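Colleague: Below: one structure in structure tokens.
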Amino acid sequence: MSIRIARPADASILAAISIEVWLGTYIRRGVNALFADHALSEFTAARFLALIDNPNEQIWVSENEDGLDGFIRISHGVEAPVANCSTTEIATLYVQLRHHGKGIGRALLNQALAASRQGGHNSVWLTTNSENTPAIAFYLAQGFEKVGTTQFSIGDEAYPNDVFSRSTTL
């Protein structure tokens, strides 16, 4: 495994990983049109190209001998949904399910924390679905603290999300 900054040529791969991980994590009984349309409109190569070119965004990827298996996206200048958080968000941390337990998520997170620290950011925040027990356990084990709750809305539906924060220097 190697960690590197994302390149424009990675955009379609990042979109594919996002669709795979997002649907695999949040769709439990079957894909309906609302969730399919969201995934297909949100996770596109064009969107990832724009993120890669945006100076307020950083995407780090994990690469194995066959290709990419995960990534982390840091967004700077984003207001948190709860008070007393920084403006540096870990917007996405996705690792393909078949690669869980190999240290990829931890390596990507450590890279993001180091990059944020080097950029002068003292802390980061993130949200995760309140029912995503594996992600919550992972973040707590990495030194994050739950600091509040918010909602993720899709269509007319809203889903509770926990907000976590952590210093970049732990």
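The values are calculated or read from the model by the stated rules, or taken from the named source; none is laboratory data. Given the structure is predicted, the values throughout are model-derived calculations rather than measurements. Using ideal geometry, Cβ is built from the backbone for each residue, glycine included, and neighbour counts are taken over all protein chains shown. Surface areas here come from the heavy atoms of the whole protein model, side chains and all, with no ligands, DNA or RNA. Shrake-Rupley method; radii C 1.70, N 1.55, O 1.52, S 1.80 Å.
Colleague: I'd like the full set of residues that are under 17 Å from residue 92 (Cα atoms) and either within 16 Å of the chain's Cα centre (by Cα) or of a type in the set (D, E, K, R) (or both), limited to segment 34-44.
Modeller: If the condition is that a residue be under 17 Å from residue 92 (Cα atoms) and either within 16 Å of the chain's Cα centre (by Cα) or of a type in the set (D, E, K, R) (or both), then 39, 42, 43, 44 are the ones that fit.
Colleague: Which of the residues that make up segment 133-145 are closer than 16 Å to residue 86 by Cα and surrounded by 16 or more Cβ atoms within 10 Å (Cβ to Cβ)?
Modeller: 144 - this is the single residue of segment 133-145 that is closer than 16 Å to residue 86 by Cα and surrounded by 16 or more Cβ atoms within 10 Å (Cβ to Cβ).
Colleague: Of everything in segment 57-84, what is under 12 Å from the mean Cα position of the chain (by Cα) and touching a residue at least 60 places away in the same chain (Cβ under 8 Å)? Give them in sequence order.
Modeller: 71
Colleague: Go through (1) open to solvent by less than 70 Å² (accessible area, probe 1.4 Å); (2) at pLDDT 95 or above; (3) within 24 Å of residue 116 (Cβ to Cβ) for residue 44 and report which single condition fails.
Modeller: Every condition holds for residue 44 apart from (3).
Colleague: Taking interchain pairs and intrachain pairs at least six residues apart, which have beta carbon atoms under 8 angstrom, with the first residue in segment 85-102 and touching a residue at least 24 places away in the same chain (Cβ under 8 Å) and closer than 19 Å to residue 3 by Cα and the second assigned to a loop (DSSP other than H, G, I, E, B) and of a type in the set (Val, Ile, Thr)?
Modeller: Note: pairs meeting the criteria are 91/78.
Colleague: If the requirement is being within 24 Å of residue 136 (Cα to Cα) and either surrounded by 12 or more Cβ atoms within 10 Å (Cβ to Cβ) or touching a Pro at 6+ places or on another chain (Cβ under 8 Å) (or both), which of these qualifies: 74, 52, 13?
Modeller: Answer to the selection: 74.
Colleague: In segment 56-71, what residues are of a type outside the set (D, E, K, R) and surrounded by fewer than 17 Cβ atoms within 10 Å (Cβ to Cβ)? Write out each step before concluding.
Modeller: Just the residues of segment 56-71 that are of a type outside the set (D, E, K, R), to begin with: 56, 58-62, 64, 67-68, 70-71.
Listed by number, the residues that qualify are 56, 64, 67.
Colleague: Sticking with this structure for a sec: Residues being of a type outside the set (Val, Ile, Thr) and surrounded by 12 or more Cβ atoms within 10 Å (Cβ to Cβ): count how many of those fall in segment 146-159.
Modeller: At the first step, the residues of segment 146-159 found to be of a type outside the set (Val, Ile, Thr) are 146, 148, 151-153, 155-159.
From the residues that got through so far, the ones that are surrounded by 12 or more Cβ atoms within 10 Å (Cβ to Cβ) too are 146, 148, 151-152, 159.
Count: 5.
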